[in-house]
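For reference, the structure is listed below as structure tokens.
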Amino acid sequence: MSEHPKYDAIVIGSGPNGLAAAITLAHAGLSVAVFEAKETIGGGCLSMELTLPGFVHDVCSAIHPLALDSPLFRSLPLEQFGLEMIQPLAPLAHPLDNGTAVMLERSIEATAAGLSIDAKAYSKLMTPLVTHWDKIAGFIRAPLRLQSVLHPLARANFALKAIRSVRGLVESSFKGEQAPAIFAGMSAHSMMSLEQLSTAAAGLLLAIPGHTVGWPIPRGGSQMIVDALAAYFLSLGGEIITSVEVKSIDALPPASIILCDITPRQLLRIAGNYLPNSYQWQLRRYRYGPGIFKIDYALDGPIPWKANECLRAGTVHIGGTFSEVASSERAVAHGEHPEKPFVLVAQQSLFDPTRAPEGKHTAWVYCHVPNGSTFDMTERIESQIERFAPGFRDCILAKSTMNSIEFEHYNANYIGGDISGGIMDLRQFYTRPTIRPVPYTTPAKNIFICSSSTPPGAGVHGLCGYFAARAALRHLHAPNKPIEIGI
């Protein structure tokens with residue numbers, strides 16, 4: 001904040017959004033330093049051996065449709081810096097008790113073919129959304145201030161569906177069992193009760209990329225995404241300083257602007273002295289969502305699914321029928337731990353042999369729990385997996401568990417285990433973290449927030465960092481042209 005800054009810009013946090021902000025600023029010709037509290041960069045994109053030697057596990061994010069769909073990441077030469085995305089044979093499987101699985105395939109036609117009575121209804125719902133996704137996407141990706149009036153019909157068609165509860169959308173669209181079940185699983189990524197308005201958006205925003213870009217896996221682990229971003233940033237002349245926890249803005253070297261890849265709670269802690277009481281009050285009212293309980297497994301072989309189709313999918317959603325998934329998510333929203341949780345499974349090693357020794361496999365598994373939970377969900381999760389994969393327990397060589405509080409200790413942005421940076425309901429989607437014309441700004445003119453607590457929210461896409469950096473560049477009147485992406 002000095003008149004004689006050491007850096008033009010400092011970014012706090014080296015997750016995808018922090019690095020995206022740093023790249024955008026460096027691309028505009030600014031001198032930029034990134035400060036990271038941990039020894040290793042990555043935030044939610046860290047990969048490591050959590051169980052046994054040779055088994056590489058993704059600590060948080062694992063499957064990346066939003067990364068491949070990100071216009072920012074597509075504009076960067078990340079492949080030149082080691083990033084390779086692998087496409088599973090199918091994006092998603094949702095097994096049922098009758099020994100079959102509902103599949104999200106790359107094509108709408110192939111997906112619809114597995115939905116029996118709802119085949120035509122699924123095609124009718126998804127075809128216009130997928131066909132016009134390039135016209136719709138900017139409506140979701142950009143903050144309200146940057147919304148254009150282009151393509152009003154395509155965007156209105158999406159909005160009228162996305163604003164609904166998934167229960168409302170499913171009950172008005174489908175008659176069978178398979179389509180409601182798979183939509184329940186995708187919509188449960190909202191981490192809200194499926195009766196709540198806007199939960200249909202989560203399901204649509206995962207189904208659409210399934211048909212456009214797939215649900216890919218980074219070869220070698222999710223860490224490869226941030227490693228590629230960091231390598232490109234360093235090639236632009238940037239600097240990354242690790243093992244330095246920023247406990248106060250005042251402890252940083254002099255800089256013209258500071259961008260914070262942190263949530264409102266940490267912003268209050270490190271920069272409260274620079275923020276007026278009215279803004280602090282708004283930040284304190286920011287709402288965090290449910291947490292997660294996660295298990296990483298080292299396995300002696302593939303998961304023995306009753307439905308062989310599950311072995312074609314990078315991701316498997318376990319929860320049974322629509323009503324069962326809805327019941328699980330409703331329980332979590334009411335502060336309860338469901339007896340039969342909705343469980344998310346990623347089986348990266350089926351498609352990426354670098355993840356485990358030859359013949360062995362990994363599994364990445366979690367369920368939703370109330371914020372701040374320390375309850376051990378291991379038995380309930382494994383019972384759900386056994387339900388659809390008898391003999392799963394016999395495959396386990398080792399496992400590593402993390403409850404919600406342990407997740408917060410791993411990454412301070414995961415308040416109470418909330419991996420989304422705050423609940424993403426109607427009230428807090430575009431207005432995160434507060435109601436401001438430019439949500440990345442703060443009343444302190446030199447301090448910006450660039451985490452998933454800003455639009456467009458959770459996911460590994462870098463757009464929160466990109467838009468925050470653009471706002472900071474406008475403040476600085478930076479003369480060089482920043483990265484331009486199609487939104």
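The values are calculated or read from the model by the stated rules, or taken from the named source; none is laboratory data. Given the structure is predicted, the values throughout are model-derived calculations rather than measurements. Methodologically, a virtual Cβ is constructed for each residue, glycine included, from the backbone with ideal geometry; neighbour enumeration extends over all protein chains shown. Side chains are part of the model used for accessible areas, which takes the heavy atoms of the whole protein and leaves out ligands, DNA and RNA. Shrake-Rupley method; radii C 1.70, N 1.55, O 1.52, S 1.80 Å.
Structural remarks
- Solvent exposure, largest accessible area first (probe 1.4 Å, DNA, RNA and ligands not counted), of Cys464, Cys395: Cys395, Cys464
- Of the trypsin sites (Lys or Arg not before Pro) found in the range 155-257, the ones in coil according to DSSP and having at most 12 other Cβ atoms within 10 Å of their Cβ are Lys175, Lys247.
- The range 429-479 and the range 148-195 have Cα centres lying 27 Å from one another.
- Evaluated at q = 0.26 Å⁻¹: base-10 log I(q)/I(0), Debye formula over Cα of the range 205-265: -1.18
- Placing unit charges on the Cβ atoms of the charged side chains and taking the dipole of the range 1-122 about its Cα centre, the candidate lying farthest along the positive direction among Gly44, Ala20, Leu96 is Ala20.
- Positive-end residue, the chain charge dipole about Cα centroid, Cβ charges, pick of Asn273, Gln384, Val213: Asn273
- When Glu386, Glu309, Glu358 are compared by accessible area of protein heavy atoms, the largest-first order is Glu358, Glu309, Glu386, using a 1.4 Å probe.
- The share of Cα pairs per 10 Å bin across the range 58-168, counted from zero up to the longest distance, runs 10, 31, 36, 20, 3 percent.
- Counting only the Cα atoms, the chain fills a convex hull of 127 Å³ per residue.
- Counting only lysines at least 8 places from Lys306 when in the same chain, those with an alpha carbon closer than 20 Å to its own are Lys340, Lys360.
- The range 198-256 versus the range 28-43: alpha-carbon centroid distance in Å: 11 Å
- Residue order by solvent-accessible surface for Ser349, Ser123 is Ser123, Ser349, largest first, with ligands and nucleic acids left out and a 1.4 Å probe.
- Of the solvent-accessible surface of the range 355-487, computed with a 1.4 Å probe and all protein chains present, 53% belongs to carbon and sulfur.
- For the range 4-48, radius of gyration divided by Kirkwood radius, i.e. Rg to Rh on alpha-carbons: 1.02
- Value in Å of the Kirkwood radius, where the range 279-372 supplies the Cα pairs that are averaged: 15.3 Å
- The range 219-355 - accessible surface per residue (Å², probe 1.4 Å): 37 Å²
- Check: the chain dipole with +1 on Lys, Arg Cβ and -1 on Asp, Glu Cβ, in debye: 1660 debye
- Counting only DSSP beta bridges with both residues in the chain, the antiparallel share comes to about 65 percent.
- Charging the Cβ of each Asp and Glu at -1 and of each Lys and Arg at +1, and nothing else, the dipole of the range 283-359 about its Cα centre rounds to 500 debye.
- Across the range 386-487, the convex hull enclosing all Cα atoms gives 190 Å³ per residue.
- Share of pairwise Cα separations in the range 114-244, more than 17 Å, in percent: 67 percent
- All-pairs Cα distance distribution in the range 161-318, expressed in whole percent, bin size 5 Å: 1, 6, 10, 11, 12, 14, 13, 13, 9, 5, 3, 1, 0
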